[in-house]
Amino acid sequence: MIKDVTDLEVYQLGLELLKPLYILGNQLPTAHRRLKYQLTEAGEKIPPQIAEGFGKKKSPREFCRFLSMALGSSDEVITHIREVKIVASMYTRIPLESCDELIEKYKILSRKLNRLLSVWQKFD
């Protein structure tokens, strides 16, 4: 039974993925600080969006709206990691494998968010 937002797997995963996202962002050269900011900002938005939506779960429409925003942020992170891969082709200190692994993990998060969203949309 889900009693708290911390019981939601998507919330837990969103938090777990922040550490590797920060590590990746910190490997970017200072010339790409804007990309680092966009990358981390998009990842940092996901858990609070889920939490805020969960707080409004009595309104399925509102919960779905926040889950949709979290899904959009997750997909945005994937795009920023793809941009990091382009930068990584010029800087050997950024391992491409780390980028690929993180993309896959955010794809999993996006799929899970999409499934949760689909379930809650049936209640609306």
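The values are calculated or read from the model by the stated rules, or taken from the named source; none is laboratory data. Here the structure is a predicted model, which is why all the values come from computation and not from measurement. Because the Cβ atoms are built from the backbone with ideal geometry, glycine has one as well, and the counts that use them run over all protein chains shown. Each accessible area value is taken on the protein alone, full model and side chains, heavy atoms only, with ligands, DNA and RNA left out. Shrake-Rupley method; radii C 1.70, N 1.55, O 1.52, S 1.80 Å.
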Open to solvent by less than 60 Å² (accessible area, probe 1.4 Å), part of a helix (DSSP H, G or I) and either among the charged types (D, E, K, R) or at positive phi (or both): which single residue out of E62, E83, E76, E101 fits that description? E62
Tally up the residues in the range 104-124 that are open to solvent by less than 90 Å² (accessible area, probe 1.4 Å) and either in contact with a His (Cβ under 8 Å, 6 or more places away or on another chain) or among the polar types (S, T, N, Q) (or both), please. 3
Of all residues being closer than 16 Å to R82 by Cβ and basic (K, R) in the range 26-53, which is nearest to the chain's Cα centre (by Cα)? Just the residue, please. K36
Please tell me if L8 is touching a residue at least 24 places away in the same chain (Cβ under 8 Å), out of contact with any Leu (no Cβ under 6 Å at 6 or more places or on another chain) and open to solvent by 10 Å² or more (accessible area, probe 1.4 Å). yes
Working only within the range 11-35, note down all residues that are open to solvent by 70 Å² or more (accessible area, probe 1.4 Å) and either touching a Lys or Arg at 6+ places or on another chain (Cβ under 8 Å) or not acidic (D, E) (or both). Q12, L15, K19, Y22, I23, N26, T30, A31, R33, R34
Those residues of the range 86-96 which are assigned to a helix (DSSP H, G or I) and open to solvent by less than 40 Å² (accessible area, probe 1.4 Å) amount to V87, A88
